[in-house]
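My questions will all concern the structure given below.
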Amino acid sequence: MKQAIIKGIIVGVGVILQISIMLLVYIFLIEKIYIISVLYILLQLLLLLGLIRNSKNYSYTLPWIVILLLFPFLGTLLYVAIGQNKYSSKLLKNVIKSEKNSKKYLIQDKQVKEEFKDNSRLRYISDFSNFPVTKHNDIEYYKVGEDAFKSMLEELKKAKEFIFLEYFIIAHGTMWNSILDILKEKASSGVDVRVMYDDAGCIGTLDDKYYKTLKSYGIKCIAFNKLNPIAGVIMNHRDHRKILVIDGRVAFSGGINLADEYINVTHPHGHWKDNGIKVEGEAVWNYTIMFLTMWNAFKKVDKDYTEFKYEFKTLPKENGCAAPYGESPLDNEITGEDVYLNIINQAHDYVYIMTPYLIIDTDMINALTLAAKRGVDVRIVIPGIPDKKLVYTLSESYVEPLVNNGVKVYKYTPGFVHGKVFVADNHIATVGTINLDYRSLYLHFECGLYLEDVKCIADIKKDLDETIKKSHNITKKEATPNLLKAVWQAIFRLFAPLM
């Protein structure tokens, strides 16, 4: 933790220094060269016009517009320092290239596409998000992290060709150490073992050079988007995915990271309610491509991704439709939010949602409240014990408009909810890494698994039913803040997309 604090301070100081230098240069030159002032005004105008023209969602863009208008100079410097810069960052440009290259491997089966031609939800994932919909899969849902962890260990021991891990957080402890022991053994026996973790996600859990430690064990490793004072401007885009692929035969995903609180070995926030998903079959390919896309953005080592495609001797029986999908902040699709909105907007009977954070834009608020008004039973489960109090206060500010319009919001009494799950009408569900907040929906690399008419959806519904029984239904009175809190929440909400 000490190292994390020191690293965070260094990066923060680096960003402040960048802004300060720009400020000093401006102040010095503005008195000397009039044209600098004119150029600065033009820059601010171009930024505003660019934000308005290219905005994917005005709820996310509005705070930047407000800052630029209220604090013209400081706002401009701040936007240049930490705003969108996907075209100026070498790393992010490499990711964009890798994403484009990967599309040739994500081919939708024509016969399957013909079968779902009248299903707009599946057409969206296949045609616009570019992730194939598959029908031959065995899928298992785990209602707590510890169950998923047990299965992960069993499958890791069976690995013969390769193991791909991509996780936001890895932390020393029972969970990671158990996995690491297997990875060491497999690497020493010739298995291609690759690990990718997010440098910011692991700032308080791993040593700054931990990737070198893994390499000493024969494990290939990448720390995603490493933090440093100079490149601090691209810190916003993090790899929040949780993906484990083994031999191209089986994949795991869901909400759990590789740390002990996710399997309730430690209890920093009461009972940790999370979820996992295991996939065997055609859909594993989507997860494999997601991993290889990110890996080859850093190290262009794989010329032909089909080398990692598992050839099933016998495919699992047909089991509804399954489509693992990725969310990228670098393309023109807001895939994560659009999948969620499609589920809400087309629900007939009910939509149950589990999310750790409830920091939503106007599109999501309107969709949820409209669904409730047309008679859909809309229920959302959020944590009863927060992991970040400031963020929790912000989440609470969105409860009032939802509850007042018929949406039922529950707090999970035993502890912290970390699962990211939607289930609707007994035949639709999605499980993944995408929170209902601006960071997941607009800034992070994420992934999810969309399901229709798959057997495990009954298990997902049962889990949500059981979770709701253990949760407290927030009343309208409880959802209404006092004046001081309401003012604070309103101010905080204005700048929520920047956090």
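The values are calculated or read from the model by the stated rules, or taken from the named source; none is laboratory data. None of these values were measured; they are calculated from a predicted model. Note that each Cβ is placed from the backbone with ideal geometry, even for glycine, and that neighbours are counted across all protein chains shown. Calculation scope for accessible area: heavy atoms of the full protein, side chains included, ligands and nucleic acids excluded. Shrake-Rupley method; radii C 1.70, N 1.55, O 1.52, S 1.80 Å.
May I ask you to evaluate 6.51 cos²θ - 1.76 cosθ + 1.60, the Karplus curve with θ = phi - 60°, for each residue of segment 377-393 and list the ³J(HN,Hα) values in order in whole Hz, giving x for glycine and proline?
My calculation for segment 377-393 gives 7, 9, 10, 10, 9, 10, x, x, 10, x, 9, 10, 4, 5, 5, 5, 4 Hz in order.
Each residue of segment 314-319 in order: what ³J(HN,Hα) in whole Hz does its phi give by Karplus 6.51 cos²θ - 1.76 cosθ + 1.60, θ = phi - 60°, with x for Gly and Pro?
9, 6, x, 4, 4, 9
Do the alpha carbons of any pairs in Lys93/Lys209; Lys103/Lys184; Lys100/Lys461; Lys209/Lys300 sit beyond 30 Å of each other, and which pairs? All intermediate terms of the calculation are to be shown ahead of the outcome.
On the way: Lys93/Lys209 24 Å; Lys103/Lys184 32 Å; Lys100/Lys461 36 Å; Lys209/Lys300 22 Å.
Pairs exceeding the cut-off: Lys103/Lys184; Lys100/Lys461.
Once you've got the Cα coordinates, tell me which of Lys157/Lys215; Lys150/Lys215; Lys389/Lys476 are over 23 Å apart.
Working: Lys157/Lys215 20 Å; Lys150/Lys215 26 Å; Lys389/Lys476 21 Å.
Over 23 Å apart, Cα to Cα: Lys150/Lys215.
Read phi for every residue in segment 52-64 and hand back ³J(HN,Hα) as whole Hz from Karplus 6.51 cos²θ - 1.76 cosθ + 1.60, θ = phi - 60°, with x for Gly and Pro.
5, 5, 9, 5, 7, 7, 5, 5, 7, 7, 3, x, 5
Beyond a 29 Å Cα-Cα separation, which of these cross-linked pairs lie in this structure: Lys104/Lys160; Lys113/Lys299; Lys90/Lys278; Lys110/Lys408; Lys90/Lys160? List each step's numbers first, then the result.
Details: Lys104/Lys160 27 Å; Lys113/Lys299 34 Å; Lys90/Lys278 34 Å; Lys110/Lys408 41 Å; Lys90/Lys160 35 Å.
In this structure, Lys113/Lys299; Lys90/Lys278; Lys110/Lys408; Lys90/Lys160 lie more than 29 Å apart at Cα.
Which trypsin sites (Lys or Arg not before Pro) does segment 220-316 hold that lie in a coil by DSSP with at most 11 other beta carbons within 10 Å? Kindly include the intermediate steps, with their values, before the conclusion.
Values: sites: Lys220, Lys226, Arg238, Arg241, Lys242, Arg249, Lys273, Lys278, Lys299, Lys300, Lys303, Lys309, Lys313; in loops: Lys226, Arg238, Arg241, Arg249, Lys299, Lys300, Lys303, Lys309, Lys313.
Sparse-neighbourhood loop trypsin sites (Lys or Arg not before Pro): Lys299, Lys303, Lys313.
Right, something else. Could you state, as a whole-number percent, how many of the C-alpha pairs of the chain are farther apart than 40 Å? Present the calculation step by step, with values, prior to reporting the outcome.
Values: 26498 of 124251 pairs.
Percentage above 40 Å: 21.
Taking every pair of Cα atoms in segment 349-499, average 1/r, invert it to obtain the Kirkwood radius, and report Rg/Rh to two decimals. Could the numbers behind the result be given before it?
On the way: Rg = 15.0 Å, Rh = 15.8 Å.
Computed over Cα atoms, the ratio is 0.95.
Now for a separate question. For segment 121-163 and segment 435-499, what is the separation of their C-alpha centers, rounded to whole Å?
23 Å
Write down the accessible area per residue of the chain in Å², having rolled a 1.4 Å probe over the full set of protein chains. Can you show the working numbers first?
Details: 21730 Å² over 499 residues.
Counting only protein heavy atoms, the per-residue value for the chain is 44 Å².
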